[in-house]
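K.L.:
Before I ask anything, here is the structure I am working with.
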Amino acid sequence: MLPKILCLHGSGTSATIFNIQAIRLSRILRPHFELVFVDGFIDTGPGPGVLPFFEGMEPYKRWLTDTVGQEERPWSDLERLAEIFNSKGPFVGVIGFSQGAKAATHLIRWLEQRGQQLEFAALFGGTVPFRLEVNTDRWPELIKPTIITRSIHVIGDDDPWRGESEALMDHYDKPSRTLIRFNGGHHMPVDASINEKIAELIIKSHKEAEDFP
């Protein structure tokens, strides 16, 4: 039985769409892991870059409310995600894109507060949780209790949310995190060498956790 990875999509997409968006990475990981894609809890409109390619693939979903000018804090549906984590697992790691990376960070912190730790988190174009100043360039009041789970942060050079993705790293323990940049915007990387590098890090994290439980 293959170890499982929980996969969380971005806002305005779905589990089905994320399965397609992540296909290049998935092809490398599937011999080693079972990837479990789940839907967000809230119906919403299509997210950035979803149309026209994924037109007609409703319902589009998001995980939480984080529109300009407001952010839900605390996240009321966190325990629902924790229930999915417990019922569909056990999981060794999580992959999250955009708002899915934010949701993953909420979940990872929730787990660590209860004495549980994943082997890794791979976060693509993530946005920042527990943000106190919305839609500004200022980040001085971020609440940043450090997450010790090993993390891989994947950021596109032309991603309009690059600043948030970089700020997200501050929530993670510096010695345990890896940054991978790629030539692209707010999407999963398409370059084969980048996906191979990410997969290598994920596989290595799992093997090391098995060797040193």
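What follows draws every value from the coordinates through simple rules; no lab data is involved. Computed from a prediction, not measured in an experiment: that's the story for all the values here. All Cβ positions, even for glycine, are placed from backbone atoms using ideal geometry, and neighbour counts span all protein chains on display.
K.L.:
Ignoring the sites themselves, what is the longest stretch of the chain with no chymotrypsin sites (Phe, Trp or Tyr not before Pro) in a DSSP loop and at most 16 other beta-carbon atoms within 10 Å? Mind dumping the intermediate values first?
P.N.:
Values: sites that count: 41, 53.
Of all site-free stretches, the longest is 54-213.
K.L.:
May I ask for the longest run of the chain untouched by trypsin sites (Lys or Arg not before Pro) that are loop-located per DSSP and have at most 14 neighbouring C-beta atoms (other than their own) within 10 Å?
P.N.:
Between the exposed loop sites, the longest stretch runs 1-113.
K.L.:
Over the chain, what is the percentage of antiparallel beta bridges among all DSSP beta bridges, to the nearest 5?
P.N.:
15 percent
K.L.:
Efficiency by 1/(1 + (r/R0)^6): what FRET value for residue 57 and residue 30, r their Cβ-Cβ distance, R0 = 25 Å, to the nearest 0.05? Present the calculation step by step, with values, prior to reporting the outcome.
P.N.:
On the way: r = 22 Å, r/R0 = 0.88.
The value I calculate is 0.70.
K.L.:
What value, in deg cm²/dmol to 500, does the helix sum -39500 (n - 2.57) over DSSP H runs of n ≥ 4 give at 222 nm once divided by the residues of the chain? The partial results should precede the final answer.
P.N.:
Working: 6 runs with 67 residues, N = 213.
Roughly -9500 deg cm²/dmol at 222 nm, from the helical runs in the chain.
K.L.:
Another question, then. Provide the FRET efficiency to the nearest 0.05 for the residue 76-residue 170 pair, computing r from the beta carbons and using R0 = 41 Å. It would help to have the intermediate numbers written out before the result.
P.N.:
Details: r = 24 Å, r/R0 = 0.60.
E(calc), rounded to 0.05, equals 0.95.
K.L.:
For the residue pair residue 16 and residue 157, what label-to-label distance in nm results when each label sits 7 Å from Cα along the Cα-to-beta-carbon direction?
P.N.:
3.6 nm
K.L.:
Note the per residue figure in Å³ for the convex hull of the C-alpha positions in the range 10-106.
P.N.:
Working: hull volume 9.8 nm³, N = 97.
Cα convex hull per residue, to the nearest whole number: 102 Å³.
K.L.:
Still on this model: Quick check: residue separation of residue 110 and residue 83 times 0.36 nm, minus the Cα distance between them. What number comes out in nm? Mind dumping the intermediate values first?
P.N.:
Details: separation 27, 0.36 × 27 = 9.72 nm, distance 1.18 nm.
In short, 8.5 nm is gained.
K.L.:
List the relative contact order of the chain as a percent without decimals, with contacts defined as Cα pairs under 8 Å and 6+ residues apart. Display every interim value, and only then the final one.
P.N.:
On the way: 395 pairs, mean separation 41.8, N = 213.
Contact order relative to length: 20 percent.
K.L.:
Further question: What's the longest uninterrupted piece of the chain once you rule out the GluC sites (Glu not before Pro) that are loop residues per DSSP with at most 13 other Cβ within 10 Å?
P.N.:
On the way: sites that count: 55, 72, 133, 141.
So the longest stretch without any such site is 142-213.
K.L.:
Run the numbers on the range 30-125 and let me know its relative contact order in percent, using alpha-carbon pairs under 8 Å that are six or more apart. The partial results should precede the final answer.
P.N.:
Numbers: 82 pairs, mean separation 21.2, N = 96.
Here the relative contact order equals 22 percent.
K.L.:
Viscosity 0.890 mPa s, temperature 25 °C: Stokes-Einstein D of the chain from its Kirkwood Cα radius, in µm² per second? Don't skip to the answer; put the middle values down first.
P.N.:
Working: Rh = 17.2 Å.
Estimated via Stokes-Einstein, D reaches 143 µm²/s.
K.L.:
Could you tally up the Lys pairs in the chain with alpha carbons closer than 16 Å? Skip any pair fewer than 8 positions apart unless they're on separate chains. Please report the intermediate quantities before stating the final value.
P.N.:
On the way: 4/88; 4/204; 4/207; 61/102; 102/144; 144/174; 197/207.
Total qualifying Lys-Lys pairs in the chain comes to 7.
K.L.:
Please give me the summed charge of the neighbours of residue 18: other residues whose Cβ is under 14 Å from its Cβ, Lys and Arg +1, Asp and Glu -1. Could you put the intermediate results ahead of the total?
P.N.:
On the way: positive: 24, 61, 62; negative: 39.
Here the count lands on +2.
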